[in-house]
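Reading through the structure tokens given below for one structure.
Just so it is clear, none of the values below were taken in a lab; they were calculated from the coordinates. Nothing here was measured: the structure is a model prediction, and the numbers come from that model. Cβ: placed from backbone, ideal geometry, glycine included. Neighbour counts: every protein chain shown.
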Amino acid sequence: MLIAIVGALVISTSGPLVRLSEVTPATSAFFRCLYAVPPIVLLAWLERRRLGPMPGKAAAAAWAAGLMFALDLLFWHHAIEYVGAGLATVLGNLQVFIVAFAAWALFKERPSRRLMIGTPVVFTGVVLISGVFDSAAYGSDPAAGVLAGVATSLCYAVFLLLMKGSSGRAAGPLAHATVVATVVIALLSPMFGGADFVPRWPAHGWLLLLALGPQVLGWSLITFSLPRQPAALTALLLLIQPLTTVGISALALGEHPSPLQLAGCAVIVLGVLYGSRRPQPTLAGAEQDAQVPKTSTV
């Protein structure tokens, strides 16, 4: 769980870095993937030397995930432009509900009672910190932002579920997905306002940091954690993003959260702590476990 939390904290810098780059949504989406390709391919090569080639099924799932990741980024970067980083992050993380019930149907991961209670609590906190009740937080085009955010959530949910079938690997599936996403974004960019493929400083300094930080480091940690815990719990932990984004935006962009937003931060922390806490085993259950012979694999 700690790895998932660290990954969520790293990718929470995505929104502020996109805003600091001051480029079009398609441009930031394309270069955050393009700049991430060399280091993530190197990590995938090292992983391949250690574990061998990726199974064909896992590679196919990663390619499909790359397509969904491309759409996720294109929609989300537009949502940031239309409604700001806070509300765009809220809309992009509606996937927690989609992942929870899809994982129940696909992976037989029945959500725990704590998770089901914690999910709406966390979502309530996310809504509070987004400033959704403040008219100034809606940005330049609220209707378009809401549509782009909902589309982001759907694509994000499918991406997470596809990456869960990565056969316990981290770098390999992410490398496949990132390469595919780069190509797809370039092809679809004319439909999303167009991309400027000529690098300019200092905008591309921010995009390079976006690629190496959230794209490579953050998603490597998230991809590593996905197969090792329930998909719904991972999605819940990823909701830490809005909490951290508020703090980063205050420091880097001069945004000052309102008391309502700060209250939302507290609600998120409490919701995540409650939803991720595992129930204590009963005495009978512990005695039964003690009688079961343990096996290990190397």
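The figures follow:
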read-out: Sorted peptide list for 64-73, 243-252, criterion being average Cβ within 10 angstrom, highest first; value: 64-73, 243-252
read-out: Whole-Å distance, taken between Cα centres, linking the range 161-226 and the range 17-64; value: 5
read-out: Inter-label distance for Trp63 and Trp104, nm, one decimal - labels placed 7 Å from Cα along Cα-to-Cβ; value: 3.3
read-out: Computed E for Ser140/Arg50 - FRET, C-beta separation, R0 45 angstrom, nearest 0.05; value: 0.40
read-out: Paramagnetic reach from Arg200 in the range 7-43 [backbone N under 12 Å; point 7 Å along Cα→Cβ]; value: 22-24
read-out: Nitroxide proxy distance, nm - points 7 Å out along Cα→Cβ at Met191 and Leu262; value: 4.5
read-out: Cβ-based exposure ranking for Lys108, Lys57, Lys164, in which fewest neighbours within 10 Å come first; value: Lys108, Lys57, Lys164
read-out: Rough spin-label spacing in nm, given labels placed 7 Å along Cα→Cβ, for Ala252 and Glu22; value: 1.5
read-out: Radius of gyration and Dmax over the Cα atoms of the range 2-278, both given in Å; value: 17.6, 54
read-out: Sequence of Leu221, Leu270 once ranked by neighbouring C-beta atoms within 10 Å, starting from the fewest; value: Leu270, Leu221
